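Please read the structure below before turning to the comments.
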């Protein structure tokens, strides 16, 4: 019986997989203060704010004494490619949902998803037109319709 070991073929140990790949990948900041000190994370935060303003997510109004202000926080994530190299830095400004009260702080919620018919249509066009289908990662949380 011929084995890989007898041929000198060994699988790499997964414990050491990220020692070489992750050397140049910036760490995710634990606070906004540290994120603002790094230009890459600051650019990611500005991209998120630009997307929120472009999509008219909110309307700024003067605060009245009876208003309940919902807090927010920044969430940071490092996105990697399939080979383990850095793809991009992602910063999200999220509302602290546990402070919100239905009917007072918001009236309706929605979660945009792609309909199955749309996926079937794109895959059918792929077959007819012989397109190359690749993975798509949308830059921000808004579906571009």
Subject >> Among residues of segment 54-85, those that are loosely packed, with under 10 Cβ neighbours inside 10 Å and part of a helix (DSSP H, G or I), counted >> reply: 0
**OP:** Could you tell me which numbered condition residue 51 fails, if it satisfies all but one of (1) modelled with pLDDT of 80 or more; (2) assigned to a loop (DSSP other than H, G, I, E, B)?
**Re:** (2)
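Restrict the check to segment 86-97 and report whether at least one residue is within 28 Å of residue 54 (Cα to Cα), part of a helix (DSSP H, G or I) and modelled with pLDDT under 80.
Yes, segment 86-97 has at least one match.
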Subject >> In segment 104-145, residue modelled with the highest pLDDT [restricted to those that are in a loop (DSSP other than H, G, I, E, B) and farther than 26 Å from residue 92 by Cα] >> reply: 130
Original post:
Taking segment 23-39 on its own, how many of its residues are in contact with a strand residue (DSSP E or B) (Cβ under 8 Å, 6 or more places away or on another chain), in a helix (DSSP H, G or I) and surrounded by 13 or more Cβ atoms within 10 Å (Cβ to Cβ)?
Top reply: 2
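The values are calculated or read from the model by the stated rules, or taken from the named source; none is laboratory data. Keep in mind that what you see is a predicted model, and the values were worked out from it rather than measured. Note that each Cβ is placed from the backbone with ideal geometry, even for glycine, and that neighbours are counted across all protein chains shown.
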